[in-house]
Each structure stands twice: as C-alpha cells, then as structure tokens.
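Following: one structure in structure tokens, then a few remarks.
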Amino acid sequence: TTMLMNIGIPVKSKGFEFIRRAITIAVNRPETLSSLTKKLYPEVAKSAGTTASCVERNIRYALCNAWNSGGAARFRNATHINFYNAEKMTSGEFIAIATETILLGNI
C-alpha cells in the first residue's frame, strides 16, 4: 500500500485497489503471475464484482498516470531495481517486480 501511494497512485482510484489485490494474490500464489489475463485479472475481477478487462484497464491507467508524474523514479528508489525503460513498464512487469520485492523482503 505504501509503495503504491509513494509512486503516486491515488488511494481512491479503482486501479489502486486492483493493483493491491493483484499483488496480494500473487504474493500468496506466485504461479498466477505466469498468466495475468487468464488467472490473475479474472480473480481480481471476481473479488471486485467486475470484469477482467476492467481490471486490466484500470491498472494500466493508474500506472500510466503515476509514471507520467515521476512514479517510475520513485518505484526504482523503493525497489532498488534499475531496469531499462522503466517509463514504459507494463502492468504485468510492475506487478511481478512489486511481488518479488515483497517476497524477498526488500520493502
């Protein structure tokens, strides 16, 4: 939650809650990361009473807005991971890196 707030995703946005749920699911069951559109997003959607495409769209929108307001640099600082082209990180990459960071205890 703190990491999402620190990179600039508004707490009241749907994307915030969807990202948070997706990371929580992935931390508990990392195998869901292998198939975001078939496993992870539908599970998040089911728990939120919406569709997987709505989940994907809201996550993408929240991350795009955060990145455009300097969130990529803040994410890099929070995770201590330097990666090429963080400005265009996909939703899946973000969720996977955030999950791994939590599992490794780096946050």
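The values are calculated or read from the model by the stated rules, or taken from the named source; none is laboratory data. Computed from a predicted model, the values in this text were never measured in an experiment. Neighbour counts are summed over all protein chains in view; Cβ atoms, including those assigned to glycine, are modelled from backbone coordinates with ideal geometry. Keep in mind that these areas ignore ligands, DNA and RNA; they rest on the heavy atoms of the full protein, side chains included. Shrake-Rupley method; radii C 1.70, N 1.55, O 1.52, S 1.80 Å.
Somewhere in the stretch 25-38, is a residue under 20 Å from P10 (Cα atoms) and not hydroxyl-bearing (S, T, Y)? Walk me through how you get there before you give the answer.
Just the residues of the stretch 25-38 that are under 20 Å from P10 (Cα atoms), to begin with: none.
Checked the stretch 25-38: no residue is under 20 Å from P10 (Cα atoms) and not hydroxyl-bearing (S, T, Y).
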I need the full set of residues from the stretch 24-61 which are touching a Lys or Arg at 6+ places or on another chain (Cβ under 9 Å), small (G, A, S) and closer than 19 Å to M3 by Cβ, in order please. none
Cross-chain or 6+ apart pairs with Cβ under 9 Å, the stretch 1-20 first and among the polar types (S, T, N, Q), then open to solvent by less than 20 Å² (accessible area, probe 1.4 Å): T1/F16; N6/G71; N6/F75; S13/A62
